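Before we start, here is the structure in question, set down as structure tokens.
The values are calculated or read from the model by the stated rules, or taken from the named source; none is laboratory data. All values reported here derive from a predicted model rather than from experimental measurement. As a convention, Cβ positions derive from the backbone with ideal geometry for all residues, glycine included, and neighbour counts pool all protein chains shown.
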Number of protein chains: 2
Amino acid sequence: MAHDADFRRELGQQLRVDSIRTSAAAGSGHPTSSMSAADLMAVLIDGHLRLDYTNPDNPANDHLIFSKGHASPLYYSVLKAVSAIDDEELLTFRKLGSRLEGHPTPRIPPTDVATGSLGQGLPIGVGVAMAGRSLDKLPYRVWVLCGDSEMAEGSMWEAFQHAGWEGLDNLTAIIDVNRLGQTRETMLGWDLDGYVRRIEAFGWKAIAVDGHDVEAIEAAYAEAEATKGQPVAIVAKTMKGRGVKAVENELGKHGKPLDDPEGAIAELGGERSLSVDVAQPEPGTPHVFETPGGELPSYALGDEVATRKAYGETIAALANLRGDVVALDGEVSNSTHSEDFREAHPDRYFEMFIAEQQLVAAGVGMQVRGWTPYVSTFAAFLSRAYDFVRMAAISRAKFVLSGSHAGVSIGEDGPSQMALEDIASIRAIHGSTVLQPSDAQQTAKLVAALADQDGISFIRTLRAKTPVRTAPDEDVRIGGSRIAHEGDDVAIIATGITLDEAVKAAERLADGGVKARVLDAYSIKPIDAEAVRAAARDCGAIVTVEDHAPEGGLGDAVLEALAAGDEQAHVVKLAVREIPGSGTPEELLHGAKIDADAIADAAQKLVATPA
Amino acid sequence: MAHDADFRRELGQQLRVDSIRTSAAAGSGHPTSSMSAADLMAVLIDGHLRLDYTNPDNPANDHLIFSKGHASPLYYSVLKAVSAIDDEELLTFRKLGSRLEGHPTPRIPPTDVATGSLGQGLPIGVGVAMAGRSLDKLPYRVWVLCGDSEMAEGSMWEAFQHAGWEGLDNLTAIIDVNRLGQTRETMLGWDLDGYVRRIEAFGWKAIAVDGHDVEAIEAAYAEAEATKGQPVAIVAKTMKGRGVKAVENELGKHGKPLDDPEGAIAELGGERSLSVDVAQPEPGTPHVFETPGGELPSYALGDEVATRKAYGETIAALANLRGDVVALDGEVSNSTHSEDFREAHPDRYFEMFIAEQQLVAAGVGMQVRGWTPYVSTFAAFLSRAYDFVRMAAISRAKFVLSGSHAGVSIGEDGPSQMALEDIASIRAIHGSTVLQPSDAQQTAKLVAALADQDGISFIRTLRAKTPVRTAPDEDVRIGGSRIAHEGDDVAIIATGITLDEAVKAAERLADGGVKARVLDAYSIKPIDAEAVRAAARDCGAIVTVEDHAPEGGLGDAVLEALAAGDEQAHVVKLAVREIPGSGTPEELLHGAKIDADAIADAAQKLVATPA
């Protein structure tokens, strides 16, 4: 049951006091950025939020995301007010081992995702709201507390745009316009109208409100809840450090505990011990998609099929077997071939347009709700969302990224479209899986396996057709590899498009009496370390070849596998060492010295060199 | 001299015909996306653009950026119409060795930057316009042709926001609203009012216009040129494939040459050979900043100084010596210490707020004009602009990125603020330089050296103070290293914060009779391969230790240096292998097993292992 305005004002003061206390105990943190939003949160938890904190897994629960993750003292003070944590734990903030990290992470339930890199909470909230409406088909609401500084992030406007376009009336953004950034006033300061105009231009309803007037806040939330057909933003004028003269509305008070916490707490009327029974959600069960069954695609040996095509066919087939699989694309579905999914399962496909941050964020939001998203665009353009991928790992998120059109082998379109740093960047993400199949058969098996793979998975697909070399009954697995050509004079470790070139080189070397083993490293992380070491042991010399920059890709993965073992081998890395231009795929592979000619040359030289 | 409307209509048709011809000759490309904007460009080059194509280096030239880089057939057709290239070269489009790549790059003057990853041209144009107003102090105008699909990119709204806030009236965006994306209609379709509302909400003037009415376009450009105090967007309703029935306003015609180019050319009235004398700019000379001289900072041995502080002090001093140095920050200047520059040189400092894509894009734009930008934020948040860094390399851009607060050693703030993938991701960028000094003295020398370093440089700075171990007169250089502790039983290669830990470990090992060499790899790319190999030769075993993910960082750089040589060594990589939480820096370094304890353990084990 909601309380009266006096209670809510008191609750706001308690949230301020606890924000000060927890930051003081930590010796760091952002109390002033918490104090500005305290009244907004007090009214939210007392009568609007519907979240069973005793059962964070209740599928009908509302979601509360602190996009301004640095207001973690407030977030944890809320958790205490709703009895999700006790006061003792509140004071462990930022200490080693505490669930209350400097910025919220899912280590403390019911936190959905890690925030703290600004501009991510709202786009992820859009993904959760999309899941609520189109997948779960449950009436839960997504509340996102946003800062005003983060309104400068383009990703916020991707979120406003997408939510406005979808008319997500189950999403409410609460903008804490406290005017002050880390070093200066924000661009808009307290120009609430400026925010309202921008937000409304993107199809939302925007309500300007005094963020310290609990009655006005109540009215705004009620209006948000009653609004149909469009999302609502509460644009709240607030004061940083509200209620404590030494810091209220003062510059230079960002991101530090108060100098005199005792005095500040006294000024706020002292500690309180109010607790709130947060409203329970109406019971509800998530929608279940029908799974008619069927088979994964299989490809005949020797068929020429692009791995991107196999990707599309496989996710479409997989969704017939698994109700949890969904697909999202950045308006290139006829290139990535997620169009096959879209056509087969339009109710589980989401067009995210050319907005890669929102694309990935929507995937993160949907996996919060237990869905298994396959998120596709050109591999080069996943770099646009790299910070979202980084943060998703901290969120312990589980989803699949599919990047097509990798490397110089795309040909004429030129370097802007060629992913050459994708393996390096995603391989460095904690707990990631990085795959690059060389044929359609491998692709089908790996794409299916990724549905059960924890963490962030990346599958790199090819524009060009490649011949199917993997038999339907062959073992293909994450962490595996296959020998595409037998030999023990020299090993060639290839991946993706270069596998074909490696086989051609091996055939040419065989004509000259050199027996080259070709290892198809379709799994780059984890790499098949045993197969790599066996290659070193048996062959003594290794050529690695990849359509990628020399740093951080297959070559480095091979060196790492060798370093971790006892085998020694000469390793020559072939990779793309100059900025490519346009040309045919063959010309560009040749120019980059990663084609059969270059591989055969490098292998020949290694064989001629005494080990 | 500008021509009449009939000429301009004819010129528009010529640009269409040439766009079709060049795509047909290439067998690929985006003629329909070119045809929609042909009239817009015809009017622009005939009377509005002021650009001496015979002298692309004329500092008074206007700038024309194709943010929709896939309209390269139109761009190159414009270059032919202004006699910058001839018809023969026009037909080399997308062929190996041609300057006319699939998407524009600076290989063909006067192209400023590579485009083709959507949503980048406008933010870079903002940077050029900022340079025009605040650095060069020249009246050149920046014209940016934007697509409507790319209006979905958040980076576009960072650009609208920043340009609106700065009131950049030397910037004109031309939005080619042809309604159709790659696979479907855009979110707004032909809702010109929707674009106008959004753009105006960000402080611009927006003019809706029929993009095929040359007289209306003329009026709109004239109004843009006459507008003071705010940037102007021309929101032009156009048709994709305009003028050719088979493709005009049709879905499914994106990114492919026309089926019947001959027929299409006939339908457009055949080939033409109009040429345009583009208006010359008024002569002008860029502003020169005064350089009072002075010294770079120097630090006494044993002083405790954070490298981020040395960064700020050095760029501030460097600007007294070099008039080309400018600084930009993402509203964390008191953390990165670019505030030292801001205070000393407010006329060369640019506050970019929490909008990292626009932050980096502004740096790219300023270096187009010959300035040397130092661009800073938390290293973790540079990941937000990773696609801009990738594209900047293709633009052959030269600037410095400074990322502070790297790794677990920042402590309490937790993983969202900890860059752990930055070295890997930036090391994979073509031609990049990656540095991580361990002390203030190194920082000062390296920051100064980077002003003359080609390509994209990244310097990773530390939150915590570290002791100065490098003497003022020591040689510190890109590609260098220093031995911080002598020994030949085992080598420890460290960088940044781990150098201190490595020295502590070496001292502890010395107590046990083990002589450890500590190599300070302050230059990670290029790494001092000779010093690494000498360590392998002399010591036989190497421990690498970094406050970074295990993949793609220092450890991999060391393995790569060894692979390229004849020396063999056991290498153990110490790196951050679990997602960190909050804690003190010491606790987190210990927990990640990259502190002195872990290093000494690893070294001890290696020494005990037979080589």
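Which one is farthest from A:PHE160 (Cα to Cα) among residues in region A:189-225 that are within 14 Å of chain B (Cβ to nearest Cβ) and aliphatic (A, V, I, L, M)? Steps first, please.
In the first step, residues of region A:189-225 are kept if they are within 14 Å of chain B (Cβ to nearest Cβ); the result is A:189, A:191-204, A:206.
Among the residues that remain, those that are also aliphatic (A, V, I, L, M) are: A:192, A:196, A:199, A:201, A:206.
Working: A:LEU192: 16, A:VAL196: 12, A:ILE199: 7, A:ALA201: 9, A:ALA206: 11 Å.
My answer is A:LEU192.
Can you find even one residue in region B:415-423 that is more than 14 Å from every other protein chain (Cβ to nearest Cβ), part of a loop (DSSP other than H, G, I, E, B) and either crowded, with 24+ Cβ neighbours inside 10 Å or of a type in the set (A, V, I, L, M) (or both)?
No, region B:415-423 contains no residue that is more than 14 Å from every other protein chain (Cβ to nearest Cβ), part of a loop (DSSP other than H, G, I, E, B) and either crowded, with 24+ Cβ neighbours inside 10 Å or of a type in the set (A, V, I, L, M) (or both).
If you check B:ASN334 against the conditions, is it closer than 30 Å to B:PRO59 by Cα and of a type in the set (S, T, N, Q)?
no
Here is a follow-up. I'm trying to understand the selection: among the residues of region B:579-611, which are away from every other protein chain (no Cβ under 11 Å), over 27 Å from A:GLY455 (Cβ atoms) and β-branched (Val, Ile, Thr)?
Within region B:579-611, B:ILE599, B:VAL607 qualify.
While we're looking at this one, here's another question. Of all the residues that make up region B:138-157, how many are part of a loop (DSSP other than H, G, I, E, B), within 14 Å of another protein chain (Cβ to nearest Cβ) and over 17 Å from B:ARG384 (Cβ atoms)?
The total comes to 1.
Conditions first: (1) part of a helix (DSSP H, G or I); (2) touching a residue at least 24 places away in the same chain (Cβ under 8 Å). A:GLU412 passes all but one, so which condition is the exception?
Condition (1) is where A:GLU412 drops out.
For the structure I just gave you, tell me whether A:GLY189 is in the same structural domain as A:SER19 (by TED's automatic domain parsing), over 30 Å from the mean Cα position of the chain (by Cα) and either among the polar types (S, T, N, Q) or under 29 Å from B:LEU359 (Cβ atoms) (or both).
Numbers: in the same structural domain as A:SER19 (by TED's automatic domain parsing): yes; over 30 Å from the mean Cα position of the chain (by Cα): yes; either among the polar types (S, T, N, Q) or under 29 Å from B:LEU359 (Cβ atoms) (or both): yes.
Against the criterion (in the same structural domain as A:SER19 (by TED's automatic domain parsing), over 30 Å from the mean Cα position of the chain (by Cα) and either among the polar types (S, T, N, Q) or under 29 Å from B:LEU359 (Cβ atoms) (or both)), A:GLY189 qualifies.
Would you mind finding the one in A:GLY269, A:GLY323, A:GLY302, A:GLY293 that is surrounded by fewer than 16 Cβ atoms within 10 Å (Cβ to Cβ), out of contact with any Gly (no Cβ under 6 Å at 6 or more places or on another chain) and without any contact (Cβ under 8 Å) to a residue 40 or more places away in the chain?
Result of the check over A:GLY269, A:GLY323, A:GLY302, A:GLY293: A:GLY293.
Can you give me the number of residues within region B:346-367 that are more than 11 Å from chain A (Cβ to nearest Cβ) and touching a residue at least 40 places away in the same chain (Cβ under 8 Å)?
Residues in region B:346-367 being more than 11 Å from chain A (Cβ to nearest Cβ) and touching a residue at least 40 places away in the same chain (Cβ under 8 Å): 9 in total.
Still on this structure: Need pairs with beta-carbon distance below 6 Å; first residue closer than 13 Å to A:HIS212 by Cβ and within region A:1-18, second part of a helix (DSSP H, G or I) and of a type in the set (Val, Ile, Thr); sequence gap 6+ or separate chains.
So the pair list comes out as A:ALA5/A:VAL214; A:ARG8/A:VAL43; A:ARG8/A:VAL214; A:ARG9/A:VAL214.
Okay, moving on. I'm checking my understanding of the structure. Among residues of region A:80-107 that are of a type in the set (A, V, I, L, M) and within 11 Å of chain B (Cβ to nearest Cβ), which one is surrounded by the fewest Cβ atoms within 10 Å (Cβ to Cβ)?
Top of the filtered list is A:LEU96.
I've got another one for you. Scan region B:548-566 and give yes if some residue there is more than 9 Å from chain A (Cβ to nearest Cβ), out of contact with any His (no Cβ under 6 Å at 6 or more places or on another chain) and among the charged types (D, E, K, R), otherwise no.
The answer is no; no qualifying residue exists.
Also, I was wondering about something else. Under 7 Å between Cβ atoms, which residue pairs at least 6 apart in sequence (or on different chains) link something in region A:126-137 that is part of a helix (DSSP H, G or I) with a partner that is among the basic types (Lys, Arg)?
Matching pairs, first to second residue: A:VAL128/A:ARG369; A:ALA131/A:ARG369; A:LEU135/A:ARG369; A:ASP136/A:ARG369.
Conditions: (1) surrounded by 24 or more Cβ atoms within 10 Å (Cβ to Cβ); (2) at positive phi. B:ALA392 meets all but one. Number of the miss?
It is condition (2) that B:ALA392 fails.
For region A:398-411, indicate whether the set of residues that are closer than 22 Å to B:ILE394 by Cα and aromatic (Phe, Trp, Tyr) is non-empty.
No, region A:398-411 has no match at all.
Go through (1) within 14 Å of chain B (Cβ to nearest Cβ); (2) at pLDDT 95 or above; (3) crowded, with 23+ Cβ neighbours inside 10 Å for A:ALA406 and report which single condition fails.
The number of the failed condition is (2).
If I filter region A:529-544 for residues that are under 16 Å from A:LEU435 (Cβ atoms), within 14 Å of another protein chain (Cβ to nearest Cβ), within 33 Å of the chain's Cα centre (by Cα) and surrounded by fewer than 24 Cβ atoms within 10 Å (Cβ to Cβ), do I get at least one hit?
yes
Considering only region A:293-406, give the strands (runs of 3 or more DSSP E) lying wholly within it that have at least 1 residues that are under 12 Å from the mean Cα position of the chain (by Cα). It would help to see each step written out before you state the result.
On the way: elements: A:304-306, A:325-329, A:349-351, A:372-378, A:399-404.
In region A:293-406, the matching strands (runs of 3 or more DSSP E) lie at A:372-378, A:399-404.
Something else: Any residue in region A:55-63 that is out of contact with any strand residue (DSSP E or B) (no Cβ under 6 Å at 6 or more places or on another chain), over 28 Å from A:ALA392 (Cα atoms), touching a residue at least 40 places away in the same chain (Cβ under 8 Å) and in the same structural domain as A:HIS212 (by TED's automatic domain parsing)?
Residues of region A:55-63 that are out of contact with any strand residue (DSSP E or B) (no Cβ under 6 Å at 6 or more places or on another chain), as a first pass: A:55-61.
After this cut, where a residue has to be over 28 Å from A:ALA392 (Cα atoms) as well, the list is none.
Checked region A:55-63: no residue is out of contact with any strand residue (DSSP E or B) (no Cβ under 6 Å at 6 or more places or on another chain), over 28 Å from A:ALA392 (Cα atoms), touching a residue at least 40 places away in the same chain (Cβ under 8 Å) and in the same structural domain as A:HIS212 (by TED's automatic domain parsing).
Every residue, every condition in (1) modelled with pLDDT of 95 or more; (2) part of a loop (DSSP other than H, G, I, E, B); (3) within 14 Å of chain B (Cβ to nearest Cβ), yes or no:
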site	(1), (2), (3)
A:GLN441	yes, no, no
A:LEU446	yes, no, no
A:ASP454	yes, yes, yes
A:PHE458	yes, no, yes
A:THR470	yes, yes, no
A:ARG477	yes, yes, no
A:ALA484	yes, no, no
A:ASP488	yes, yes, no
A:ILE493	yes, no, yes
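Would you be able to tell me the number of residues in region B:186-221 that are closer than 20 Å to B:VAL43 by Cα, in contact (Cβ under 8 Å) with a residue 24 or more places away in the chain and among the aliphatic types (A, V, I, L, M)?
Residues flagged as closer than 20 Å to B:VAL43 by Cα, in contact (Cβ under 8 Å) with a residue 24 or more places away in the chain and among the aliphatic types (A, V, I, L, M) within region B:186-221 amount to 6.
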